[in-house]
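The values are calculated or read from the model by the stated rules, or taken from the named source; none is laboratory data. Computed from a predicted structure; not experimentally measured. Note that each Cβ is placed from the backbone with ideal geometry, even for glycine, and that neighbours are counted across all protein chains shown. Calculation scope for accessible area: heavy atoms of the full protein, side chains included, ligands and nucleic acids excluded. Shrake-Rupley method; radii C 1.70, N 1.55, O 1.52, S 1.80 Å.
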Amino acid sequence: DGGITQSPKYLFRKEGQNVTLSCEQNLNHDAMYWYRQDPGQGLRLIYYSQIVNDFQKGDIAEGYSVSREKKESFPLTVTSAQKNPTAFYLCASSPGFQETQYFGPGTRLLVL
Amino acid sequence: EDQVTQSPEALRLQEGESSSLNCSYTVSGLRGLFWYRQDPGKGPEFLFTLYSAGEEKEKERLKATLTKKESFLHITAPKPEDSATYLCAVQAGRDDKIIFGKGTRLHILP
């Protein structure tokens, strides 16, 4: 089955800790994206990658970092600089940049 | 400023009671409009893409339409399993930015 997987489903972060969220796709899509979803707000773009070894900041990149070393993988690191990390994180991919996006199941990040 | 507004925020319907959800937008240079369905605790599921005014797309009990200022998601004779949050997103502007609305929470009562 083709699709997007995210892991873990739930993640707990301690103060001062960096955590990494995984996103993998087997759809052979070139573009990948990370969004943050908070209650009562629309999805906000954190980072995106149009192609392997390239990525760009979105609207709320501060406190986050990404890498795109393989076409299938686009991990997101939430650093200790992100002071309000509690949210639902969604990874998406599209065949080409800004074409129809398909989403993974999400990771919920909670702070201990 | 580019904006996408969805209304109502929440909607409760009886099973079989047809209605419409609205997505209005103020953007420059619309390139596409997307509808998604999102169940609680899950990622959005793609429903439709519309590209130009007058375009319509259907899937089961759902029909999406597009005008120059807004899109409607019509739900005909809904069932309880249609309960979800429906998200609208607009692609526009020189950089093809995609902007999401806050969604409409739909609850269908049996």
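Some points to look at:
- In the stretch A:89-104, the residues that are of a type in the set (G, A, S) and open to solvent by less than 10 Å² (accessible area, probe 1.4 Å): A:A92, A:S93, A:S94, A:G104
- Selection from the stretch B:86-103 of residues that are within 12 Å of chain A (Cβ to nearest Cβ), farther than 10 Å from B:V4 by Cβ and touching a Ser or Thr at 6+ places or on another chain (Cβ under 7 Å): B:G93, B:G103
- Qualifying residue in the stretch A:18-25 (condition: exposed (fewer than 15 other Cβ atoms within 10 Å of the Cβ), part of a strand (DSSP E or B) and over 12 Å from the mean Cα position of the chain (by Cα)): no
- Leading residue by the ranking (farthest from A:Y35 (Cα to Cα)) among those in the stretch B:1-50 that are facing chain A (nearest Cβ under 9 Å) and among the hydroxyl-bearing types (S, T, Y): B:T49
- The stretch A:45-59 - residue that is under 25 Å from A:L110 (Cα atoms) and surrounded by fewer than 16 Cβ atoms within 10 Å (Cβ to Cβ) and, of those, nearest to the other protein chains (Cβ to nearest Cβ): A:D59
- Filter result for A:T107 (polar (S, T, N, Q), closer than 22 Å to A:G42 by Cα, within 14 Å of another protein chain (Cβ to nearest Cβ) and open to solvent by less than 10 Å² (accessible area, probe 1.4 Å)): yes
- From A:R68, A:R13, A:R36, residue being basic (K, R), open to solvent by less than 30 Å² (accessible area, probe 1.4 Å), without any contact (Cβ under 8 Å) to a residue 40 or more places away in the chain and more than 10 Å from chain B (Cβ to nearest Cβ): A:R68
- Qualifying residue in the stretch B:36-51 (condition: open to solvent by 50 Å² or more (accessible area, probe 1.4 Å) and more than 27 Å from A:F88 (Cβ to Cβ)): yes
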